[in-house]
Each structure stands twice: as C-alpha cells, then as structure tokens.
Amino acid sequence: MNRLAAWIDKHKIGKHAWIAGLLACIAVTAYASTLDPASLDAQQHYGFLSLVPALATLIICFATRNVIFALFMGVVLGGLVSGSYNIVREFMIPSLGTTGFAEILLVYLWALGGLLGIWNRNGGAWYFAKYVSENHVKSRRSALFFTWLMGVIFHQGGTISTVLTGTTVRPVADREKVSHEELAYVVDSTASPVATVIPFNAWPVYIAGLIAIPSMSHFVADRDAAVSMFLAAIPFNFYGILAVLFTLLFAFGKLPFTGRNMRAARKRAMLTGELDAPDAQPMVSKELATLNVAEGYEPSLWDFFVPISVLLGFAIVPTVFLDELMIFEAFGLAVVSGMLLSIIRGMSARDAFDGMLEGIKGVTIGAVILGLAVTLAQVSETLGASNYVIAVAAESLTAAPFILPGLLMLVCMTVAFSIGSSWGTYAVVFPIALPLAYAISPDPLFLTIVFGAILGGAVFGDQCSPISDTTILSSLACGCDLMDHVFTQLPMALTAAGISIVLYTGITLFVL
C-alpha cells in the first residue's frame, strides 16, 4: 500500500482541477435531471451524455497523466448521468464482482506478478536475456526485431499476447538499451492487430458467434460461413496489416514518422541508457526491475523455459486443437512450475515464496487501474455509449453511402477507444453494421470490405486507449509508464488508421 500511496502522492491534482471537476459534476447532474426516462429507455442511450464519462476520463488522462484519478472521475460522472449516485453499489461492486475481473486479477496480475517475481528471484529471465544477447541479439535493432517476431509467434491476441511477449523480450531489450516506450509499442501493436491478420486463434470463432444469428441468415448462413467471411476480410483489414508492417519497419529503424515523443524516448535510451523518462511511473515496481537472485542460486535456461513452456502448452494448444480456453490453468501452473523448479534446483521454499509475493506486490498499481477500467466499461454500457455513437453515425449514410466502411472504422475506433475493448465493440457494432451494409448493397465484396473496416477500427481503439486492458498490460509487462506508452504510440497508430480510412473510401467508390 505504501507504493500505491507514493504513486498517488506523486500525481497530485491542483486545487483548480478539483474545482473544475466539481463544477462539471454539478452541470452534468443538473442537465441529466431534466431528461425524460421514457425517452431514454426508447433510445437506449442518454444522448451525448452517454459519452461524457469516457470522454472526461480520456481528457483527464491526457491532461494530468493521472490514470487512477481520471478513471474514478469517469465512474463518478457515470453515476451522475444515470442518477445512480451510489457508485459503489451500482457500478463498482457489480463490476469488480464479475468473473471477468476475477480472471484479470488472478491471471494477468497476480499470476503475472508472481511469475515476474520468481524470475527475479531465480534469475531465469535475466539468464535467458544473457543467452539470447550473446548468441542471437547483438544490437537494439535485433532486440526490437526479436520483440516483433515474438509478437507474431504469440499471436493469440489481446492480453495473453502482451503478457507472453512482454515478459519474454523485456530482459533482452533492457540489456540492449531499448526504451520501454519503444518496447511497449512493438508489444502492443503486435498483439490484437496480429490476431486479426493471422487467424489461428479464438478471434474468428468469437466474431462468428456474433454474426451467425437469425437476423443475418440471408447473407450469413451459419457459423462456418461467418468464419469464411472473417478469412475473406483479412486482405481488407488495412489497419491490422499496416500496424504489423509499421512495427516491423520501426524495429529496423525504417519508419519515417515515429512522432516527437517516440524520437525523444529513443534518443534518451541511446545517449543516456535511461529506459524510462525521468518523471515516469512504470507499471512495475523498482523491486521487479532490479535483479535479486537468491543467495547461492545458479540461474539457468531451465528457469525461463519451463514456466514459459507450461504457459504456452496450456494456453495455446487447447485453444487451437480442442477449442477450449485454459488461460487460468496456464498462468497458475506456470507460477507453480517456476517455484517447484527453483526449489528442486536448490532454492529454499521461503525464497521462492517470497519472490512470488514480491512480484504480486510489484503490480499493485496495475490491479487498481484495471479494476477501475472494468468499472468504467460497465458505466459506458449502462449509459448506452455505443448505441449513441452508432445512431449518430448512421444518420450520415443516407447522403453518402460510399463512406460507410471508413465511417464504420471511425465509429469502431471511437467506441473501442472509449470503452477500452475490441471484443466489446464487435459485440455492439457487427449486429448493427452488417445488416446496414447489406441494405445499402448486397455485393459480397462490399460486405467483406465493411467487415475488414470493423475489424481494424476496433483493434485501433483497443490498442491505443489508456483504459484498455491490452494497453495497461503492455505497459505492465514492459515496465513502462502507461501514459508515456499511450503518447508515444498514438502518432504511428493514427497514421495507419488515417491511411486505412482513405483506402476504404477510395475502394468503395468503385465498388458501389
């Protein structure tokens, strides 16, 4: 708790910010009280107020860099808009009591923290980095390419990819003086984007379940047809392709537009060896960033590869061959195998257990942020934020239907950036957008282009949002300050998104 208190104390909010926040809350409450409940039920959203919590959170994040304060204010505003003033009972307890949050907490934070702690105590990750550096990675460029390659190999998408890639490559990248901002960008940009381009994962099956429904049966016959539509849309998933290509060019130092903040981060690491900015607050505590091998213990490659092999074996193999997710079992057994191997190889049980506990304590901030992010997502869903964005966008289509793919991509970018979830965005947008596209033109090529635009737009928002679990966990696994990661990757992601929208608009002009 001392670390949490110190982190919050460092990000003090001035009295003027508190006054502005209070006035905004009063204004929102006053306006929300004038709304007609019957009209709200019919529309399934609160109009522009549906977006206020998410927008306020994002503005505060970028203005103050205080993510915890921003998320909390977003939840408070959601309570004011909906009239549910007891935000603890209405939003926090229901959100934090869900199975989804329990899995995030146990698997991606406690188990991840425990694994990092064990590697810190037995030196497994450090020894792996030393071995790879001496035999394969000889420079910053090769370290970044190694990161890109691991991101492609661990292409299951979302949180599992960020955790696997980040924990695998960070020791190697640290050794070669790759800034944590650079590392987090490559890890984050080869997580979900890769999963939508290389389909050997759960994504096609999940999306097929969203669109293989009776209301779309006249153009999506069944689940197999839905999966086929996903595969056909891959060449038109311009953002996913460009995101993966940009990170490859970035790794080789050939990407011409990296943005001022990323250039500064790279220059800092190369000239000073400092992997984080002077005022950064990394998502991993300093205890986990400093090697602390137990006295008398000799690290080996076994200490790294046994837990990773267990993790991959139980996380990927059942998913691909048995269509069964065993993520919790995978992370739990990885921690247990790492502890047991260390004890078998001579470490005391107390040292192994203490290492695990230190790792869990080292990711406390990540647990707090993810908890609030889950709550804010529940707030946005309650207010109908996605429904409002889609309703507003649909009004523009009657005048210029050829803009549909680009507009839908922009809608998905907005929704996913606001709620921090690509899968959540898919669940809202696909059932509405595909029938709309079919009504405009039943041409299969047009539907495929629309499908690709939705895929890429949601991935952009998920990748770049400071309230997204993949963004948070990329920062956590790479030891990066969350907002530093957001600021440095946005210029490149926005460039890829802008190019994609232009391509969609130009191609659709010839299709319709």
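Every number here is computed from the coordinates shown, using simple stated rules; none is lab data. Note that the structure is predicted; figures quoted are calculated from it, not measured. In this analysis, Cβ positions are derived from the backbone assuming ideal geometry, glycine residues included, and neighbour counts consider all displayed protein chains.
Before moving on, here are some points about what is shown:
- Packing-based exposure ordering (other Cβ within 10 Å, fewest first) of Y185, Y426, Y504: Y426, Y504, Y185
- For the set K138/K177; K130/K254; K267/K361; K138/K267, the pairs lying more than 21 angstrom apart at their alpha carbons are K130/K254; K267/K361.
- Take 436-448, 75-87 and order them by the average number of nearby Cβ atoms within 10 Å per residue, most first; the result is 75-87, 436-448.
- Approximate spin-label separation N135-F48, in nm, with each point projected 7 Å along Cα-to-Cβ: 6.1
- Sorting the segments 470-478, 221-229 by their residues' average number of neighbouring beta-carbon atoms within 10 angstrom, most packed first, yields 470-478, 221-229.
- T272/A102 FRET efficiency (R0 45 Å; Cβ-Cβ; nearest 0.05): 0.60
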